[in-house]
Amino acid sequence: THVITLTGNTTIAAPPASSTWAGARLRFALLQDGTGSRTVTWNAAYKLAGGSLTITSTANKRSIIEFVYDGAAWMETSRSLNV
């Protein structure tokens, strides 16, 4: 799990090729700081359900997003918002 405290707008880069294989999993726990309203932009390697992802903007709340690599892209498998 990659825990990231959002202190500003952030871009999530694609993982390095050395850690990418079919079936690999990633989980991001994105925590808004005390200000909140931070945004995340995803690298094109991530394929999000519905084509986009809105994370919680509430201060001190967390969004958890999970992906699995299908051999070509990181496919979103689940998300939890405002936990």
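What to note about this one:
- Residues of the stretch 7-34 that turn out to be in contact with an Asp or Glu (Cβ under 6 Å, 6 or more places away or on another chain) and assigned to a strand (DSSP E or B), as a count: 1
- Of the set (1) among the small types (Gly, Ala, Ser); (2) more than 10 Å from the chain's Cα centre (by Cα); (3) under 17 Å from Trp74 (Cα atoms), all apply to Ser37 but (3).
- Test: Trp21 is within 14 Å of the chain's Cα centre (by Cα) and aromatic (Phe, Trp, Tyr): no
- All positions within the stretch 1-34 that are of a type in the set (D, E, K, R) and either open to solvent by less than 40 Å² (accessible area, probe 1.4 Å) or in contact (Cβ under 8 Å) with a residue 60 or more places away in the chain (or both): Asp33
The values are calculated or read from the model by the stated rules, or taken from the named source; none is laboratory data. Owing to the predicted nature of the structure, the values given are computational and were not obtained by experimental measurement. So basically every Cβ, Gly included, is an ideal-geometry build from the backbone, and we count neighbours across all protein chains shown. Accessible surface areas use protein heavy atoms only, side chains included; no ligands, DNA or RNA. Shrake-Rupley method; radii C 1.70, N 1.55, O 1.52, S 1.80 Å.
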